[in-house]
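All remarks here apply to the structure that follows.
The values are calculated or read from the model by the stated rules, or taken from the named source; none is laboratory data. None of these values were measured; they are calculated from a predicted model. Glycine gets a Cβ as well: all are built from the backbone with ideal geometry, and neighbour counts include every protein chain shown. Protein only, heavy atoms only, side chains kept; ligands, DNA and RNA dropped before computing areas. Shrake-Rupley method; radii C 1.70, N 1.55, O 1.52, S 1.80 Å.
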Amino acid sequence: MDNNDFFPPHAGVGLRELAALIGAELADEAHADRIIRSVSPVARAGEGDLCYILSRKHKDELETCKASAILVDAALRPMIPDHIPVLLTSKPSTAFAMAGAFLYPKAARIPPIVSDSGISPAAYIDPSARLEPDVTVEPMAVIGAGAEIGSGSYIGAGSVIGAGVRIGRDCSVAAGASVVAALIGNNVIIHNGVRIGQDGFGFAPGPRGMLKIVQIGRVIIQDNVEIGANSTVDRGAMDDTVIGEGTKIDNLVQVAHNVRIGRHCAIASGAGIAGSSTIGDGVQIGGAVGVNGHITIGDGVQIAAMSGVIASLPPGGRYGGIPARPMPDFMRDVAEMMARSDERAKKRGERND
């Protein structure tokens, strides 16, 4: 991938300096002044590139790799060819993420569309809204009455910040997002098209059809949360919907009313969490998982993609399937199902013969 005009390479940093910045150990000081400008996968890494490996599956690619350095755990160092300088770390993926953020600081945030700073005259800001210094507001954004936005925050083009919303410092709200009935902490990233604070799905059946149940709660988003494009977070019915510190939510995720998500969780694309569920700290939810309402997922639980969680899960386990069950049980069920399928296919083949 040449000539990337969207994210041009860094001016260059010495390998010793980069190692210190990311907490890695330079294996050979003879390479201390080797210059790093970019990051790359092993297969196409060239001069000035930094890459990393986590397993032996890249062994063949390493022979032709021309990277200026590679991040690797000490256990895998013997497989690195002599021509590639080594940075040793027990957490290569973490160190690589830190290096990428240093080399491409603008890519780690939502890039501005029109200007890097200032308030566009084409934006509408209610006179009663309060913006601290160094807030950027792009064209066609709307900020409602009494809203508060902290220093260093960015409000993208065409986004809507509702009345009374509070957004902390160094936050980013991308183009086309809407935030209402919400209190948001510091260093929060809200990507394009995200909807925060709209009605939860609450209706009561009556003789004339479905009657709307008013949703009068809020959305509380704590510090360092990131919410991916076109995801939705409904406000609470009478209590609040809460997303805990450091949690990362992928694109196209639905978080329903009164859900409480703990700290440092990861929720992949397409997941849906029904109302009044509680998700513990450090939970990892795979893509397209459905979580039933009014249940509790314990701390540290891992749920495989496309699973359906219909009942509460205790802390620390790994689960998969529909309904979600402990991973060994799920894998055994899958193996038995595949064996039965193979047997049926074999019998059909014998009949056709």
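General observations
- Ranked by the mean number of other Cβ atoms within 10 Å of their residues, highest first, the peptides 30-43, 70-83, 235-248 come out as 235-248, 30-43, 70-83.
- ³J(HN,Hα), Karplus 6.51/-1.76/1.60, whole Hz, each residue of segment 176-183, x for Gly, Pro: x, 7, 9, 10, 10, 6, 9, 10
- Where D5, D234 fall by accessible area, highest first, once all protein chains stay in place (1.4 Å): D5, D234
- Per residue accessible area of segment 275-323, 1.4 Å probe, in Å²: 42 Å²
- Normalised Debye scattering of segment 276-344 at q = 0.15, 0.17, 0.28 Å⁻¹ gives log10 I(q)/I(0) of -0.47, -0.57, -1.24, counting only Cα atoms as equal scatterers and leaving out solvent.
- Taking 22 Å as the limit for the C-alpha separation, the pairs K57/K106; K106/K248; K59/K106; K57/K248 exceed it in the case of K57/K106; K59/K106; K57/K248.
- Summing charges over neighbours of D73, with a neighbour being any other residue whose Cβ is under 12 Å away from its Cβ, gives +2 when K and R count +1 and D and E count -1.
- Accessible area per residue for segment 41-175 is 49 Å², calculated with a 1.4 Å probe on protein heavy atoms, without ligands, DNA or RNA.
- When the surface is traced with a 1.4 Å probe over the full set of protein chains, D170 keeps roughly 80 Å² accessible.
- What you get for the chain, charging only the Cβ of Lys and Arg (+1) and of Asp and Glu (-1), is a dipole of about 1180 debye around the Cα centre.
- Surface/4 estimate of mean projected area, convex hull on alpha-carbon atoms of segment 32-155, nm²: 10.5 nm²
- Taking every alpha-carbon pair within segment 214-353, the share separated by more than 26 Å comes to 30 percent.
- For the chain, built as a Gaussian network whose Cα springs stay under 10 Å, the top-fluctuating residue of C65, C265, C171: C65
- Beta bridges by DSSP in segment 187-263, antiparallel share as percent, to the nearest 5: 25 percent
- Among S231, S276, S120: highest mean-square fluctuation, GNM of the chain, C-alpha pairs under 10 Å: S120
- For segment 116-256, the spread of Cα coordinates along the three principal axes comes to 54, 31, 22 Å, biggest extent given first.
- In loop segments of segment 46-143 as defined by DSSP, the GluC sites (Glu not before Pro) with at most 12 further C-beta atoms inside 10 Å of their C-beta are E47.
- Taking only the Cα atoms of the chain, the radius of gyration and Dmax are 24.7, 82 Å.
- Restricting the calculation to Cα atoms, every distinct pair contributes to the Kirkwood radius of segment 166-224, found to be 13.0 Å.
- 12 Å beta-carbon shell around G118, net charge (K/R +1, D/E -1): -3
- The apolar share of the surface of segment 210-353, taken as the fraction of accessible area on carbon and sulfur atoms (1.4 Å probe, ligands and nucleic acids excluded), comes to 55 percent.
- Potential extension, E25-K57 segment - 0.36 nm per residue separation minus Cα distance: 9.2 nm
- Rounded to 5, percent antiparallel among DSSP beta bridges of the chain: 15 percent
- For the chain, built as a Gaussian network whose Cα springs stay under 10 Å, the top-fluctuating residue of I119, I161, I143: I119
- Each of A181, V289, I322 was placed along the dipole of the chain (beta-carbon charges, centred on the mean Cα), and the one lying farthest toward the positive end is I322.
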